[in-house]
Amino acid sequence: MELKESIQAKIAAITEQLGAFQEACQRPFITSSFQTHSLPMLHVISRIQPNVPVYFLQTGFHFPETLAFRDQVAREFGLNLQNVESHVPKIQQRNAIGNFYFTSDPDYCCFLNKTQPMQPLLDQYDVWINGVRADQNANRKNLRPIEETPQRSFRYHPMLDWTKQEIWEYIGKMDLPRHPLDSQGYISIGCEPCTVKPSLDDRDGRWLGQQKTECGLHTELVKK
Ligand code: SF4
């Protein structure tokens with residue numbers, strides 16, 4: 001149960017940063033995709049400031065297992081879970097031949113269902129907390145712990161310097177629940193139509209055969 005010192009130090013840094021936000025009356029919110037590797041951040045923060053709202057981007061294309069897991073985790077961790085979805089109805093999310101945009105223009109589909117619904121939150125709150133890690137891909141490697149967004153809030157990346165090994169050590173030591181699709185060979189689990197099985201590595205699990213590696217949240221919503 002004893003966490004190694006490097007993890008304890010990182011949790012202490014998160015505690016301190018959350019305290020600093022509170023002292024400055026800066027209101028944070030969290031987004032999470034509710035994959036297993038997302039859980040250490042949710043677990044750590046829920047034990048420090050349990051009322052911080054946790055937003056789930058309800059694209060309408062998630063696996064039913066993800067929705068059930070989201071609800072289970074929210075219940076077990078006592079999260080202040082909020083769902084947010086696109087204001088564009090699915091009937092208007094189809095291309096000229098009647099197929100959903102993810103079949104022909106996934107960037108636009110991600111914009112409608114992820115990036116755009118985030119924008120009001122970035123105006124409403126002061127701090128957007130999300131769980132990106134530097135070891136996930138080249139784009140994330142270049143992020144800093146605190147970044148500006150194009151809106152009024154700024155981003156805080158508490159897990160940026162956590163390694164994959166530390167994430168899994170925390171999950172094991174804290175006996176956190178596992179997304180039910182992990183055991184079926186999925187490694188990176190997002191919207192069902194864009195998730196590939198089996199995955200070659202963490203980010204090759206999405207948008208097979210395309211250059212796309214990010215949905216836009218961590219590229220478009222960073223001030224350039
Ligand atoms: S991941 Fe796929 S289905 Fe989900 S919003 Fe992006 S393009 Fe659409």
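Here are the numbers:
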{"quantity": "Single match in LEU160, LEU181 (criterion: hydrophobic (A, V, I, L, M, F, W, C) and under 27 Å from GLY19 (Cβ atoms))", "calculated": "LEU160"}
{"quantity": "Failed criterion for GLU16 (all others in (1) surrounded by fewer than 19 Cβ atoms within 10 Å (Cβ to Cβ); (2) part of a strand (DSSP E or B); (3) not polar (S, T, N, Q) hold)", "calculated": "(2)"}
{"quantity": "Which numbered condition ARG155 fails, given (1) within 16 Å of the ligand (Cβ to nearest atom); (2) surrounded by 21 or more Cβ atoms within 10 Å (Cβ to Cβ); (3) farther than 21 Å from HIS62 by Cβ", "calculated": "(1)"}
{"quantity": "Condition check for GLY78: of a type outside the set (A, V, I, L, M), away from the ligand (no atom under 14 Å from the Cβ), over 17 Å from HIS218 (Cα atoms) and more than 19 Å from the chain's Cα centre (by Cα)", "calculated": "no"}
{"quantity": "GLN93 within 11 Å of the ligand (Cβ to nearest atom), modelled with pLDDT of 95 or more and of a type outside the set (Val, Ile, Thr)", "calculated": "yes"}
{"quantity": "Counted residues, segment 150-166 - those being hydroxyl-bearing (Ser, Thr, Tyr) and either free of Cβ contacts under 8 Å to residues at least 40 places away in the same chain or assigned to a loop (DSSP other than H, G, I, E, B) (or both)", "calculated": "2"}
{"quantity": "Segment 19-47, residues that are among the hydrophobic types (A, V, I, L, M, F, W, C) and either buried (at least 16 other Cβ atoms within 10 Å of the Cβ) or modelled with pLDDT under 95 (or both)", "calculated": "PHE21, PHE29, ILE30, PHE34, LEU39, MET41, LEU42, VAL44, ILE45"}
{"quantity": "Matching residues, segment 125-144, being in a helix (DSSP H, G or I) and without any contact (Cβ under 8 Å) to a residue 40 or more places away in the chain", "calculated": "ALA138, LYS141"}
{"quantity": "Qualifying positions in segment 97-116 - more than 10 Å from the ligand (Cβ to nearest atom) and within 19 Å of the chain's Cα centre (by Cα)", "calculated": "GLN116"}
{"quantity": "Residue in segment 123-133 that is of a type in the set (A, V, I, L, M), within 13 Å of PHE29 (Cβ to Cβ) and at pLDDT 95 or above present", "calculated": "yes"}
{"quantity": "Among the residues listed as LYS4, LYS10, the single one being at pLDDT below 95 and more than 18 Å from ASP126 (Cβ to Cβ)", "calculated": "LYS4"}
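The values are calculated or read from the model by the stated rules, or taken from the named source; none is laboratory data. Values in this document were obtained by computation on a predicted structure and should not be read as measured data. Reconstructed Cβ throughout: ideal geometry from the backbone, glycine too, with neighbour counts over all protein chains shown.
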